Every structure is written in C-alpha cells, then in structure tokens.
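Working notes, beginning with the structure itself.
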Amino acid sequence: MTSLPFELPIPEGYSEKPEWDETAFRIGAQRDRVLAFGGEASGWSEPLTALHEAAVGGGHFIDIASQRHALEELRRNLSMPQPVIMEVGCSGGHFLRELGAAMPEAQIIGADYTRETLEALGAKMPGIPLLQFNLAPCPLPDAAVDAA
C-alpha cells in the first residue's frame, strides 16, 4: 500500500488513520475515493460549482492565464525533485490536468469543499488523491505540502 508523503489525521467517526493506495483511501476495511473531513460550513455549494463549471469550464481566458501563471510560479519556486502540490478548490480538475502534464514528477493532491464535485472528478482522475474539507479549519498537518 502506498501512502501520501505526510500523515493524514483520522477523520471524524473513525478510529484508524487513512491510507492512500493509488486509487482510493482505505480506513480499516472501508475504501473511499474521496477522504472527507468535517468542519464548519464554507458557504460554497454544489449548485455554485455547477454554475461555475457551466459558465467557465476551465476555458475562460482568465482561467487559462491564471493557470499559466501558477505553473510558472510553481516551477520557479519548487526546486525539490518530487514536490507535493495541493490544488485547493480543484473543482472540475482543469488545473490538476495541466499540473500533471507540466510536472509529472510531482505528487498532486486535489482538495475541494463539495463532495459531489470530488466524486465526479475522482471518476475522471483515478490516480489523484482527493480530499474534502473547508480550508479555513484545514485538518492537514503544518507543512504537509510543498505548495498549495
């Protein structure tokens, strides 16, 4: 079983630590494509995500320019051979795809607040670990990733 390069906290309602096995998270005998952490409401919702995806869908010129800039900054600032990069607010996975193509040596993790969004993304991108949580009370340990 493979694991992420940092220790995941135990999600609420479980007694064992989760492990990533290249296609899903395992907690004891349970397997789940998306690892969910509770927390306070963010104000974001599935309908807002659907509206965003329908209106923009990753092809909007501002998204394209932002993604290009983010990739340039990641390349410029990450000098380690296998950086761990988390995209917070990964939505439909447009930037995750770009990131994977541009930096195949990186360990890429997707995170978002909405479960349905992550479930749909998990079906399209089976090798990417996906975490569901509200960023404000982030459950991950300090310095868990090299860039977010």
*Rounded to the nearest 0.05, what FRET efficiency do H60 and L135 give with R0 = 25 Å and r taken as the Cβ-Cβ distance? Could you check?*
0.65
_Extension gain from K124 to L48, taking 0.36 nm per residue of separation minus the Cα-Cα distance_ = 25.3 nm
*Mind checking which of I108, I128, I62 has the largest fluctuation in a GNM of the chain, springs on alpha carbons under 10 Å?*
I62
*In Å², what does the accessible area per residue of region 1-146 work out to with a 1.4 Å probe?*
55 Å²
*Can you give the relative contact order of region 65-148 as a percent, counting alpha carbon pairs under 8 Å and 6+ residues apart?*
33 percent
_Cα gyration tensor shape of region 31-148, rounded if a/c is under 1.5, else prolate or oblate by comparing a/b with b/c_ = oblate
*Show that you can apply the helix-only estimate: for the chain, add -39,500 (n - 2.57) for every DSSP H stretch of four or more residues, divide by all residues, and state [θ] at 222 nm to the nearest 500.*
-9500 deg cm²/dmol
*Can you pull the semi-axes for region 16-77, root of five times each eigenvalue of the Cα gyration tensor, sorted largest first, whole Å?*
30, 20, 12
*asked:* Along the Cα→Cβ direction, 7 angstrom out, place labels at E7 and D32. What is the inter-label distance in nm?
replied: 2.1 nm
*For the chain, modelled as a Gaussian network with Cα springs under 10 Å, which listed residue fluctuates most, S45, S79, S66?*
S79
*Which value, in debye to the nearest 20, gives the size of the charge dipole of the chain about its Cα centre, when Lys and Arg are +1 and Asp and Glu are -1 at the Cβ?*
260 debye
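The values are calculated or read from the model by the stated rules, or taken from the named source; none is laboratory data. It should be emphasised that the depicted structure is a prediction, and the values quoted were computed from it without experimental measurement. For neighbour counting, all protein chains shown are included, and Cβ atoms are generated from backbone atoms with ideal geometry for every residue, glycine included. Accessible surface is based on the protein model in full, side chains and every heavy atom, while ligands, DNA and RNA are left aside. Shrake-Rupley method; radii C 1.70, N 1.55, O 1.52, S 1.80 Å.
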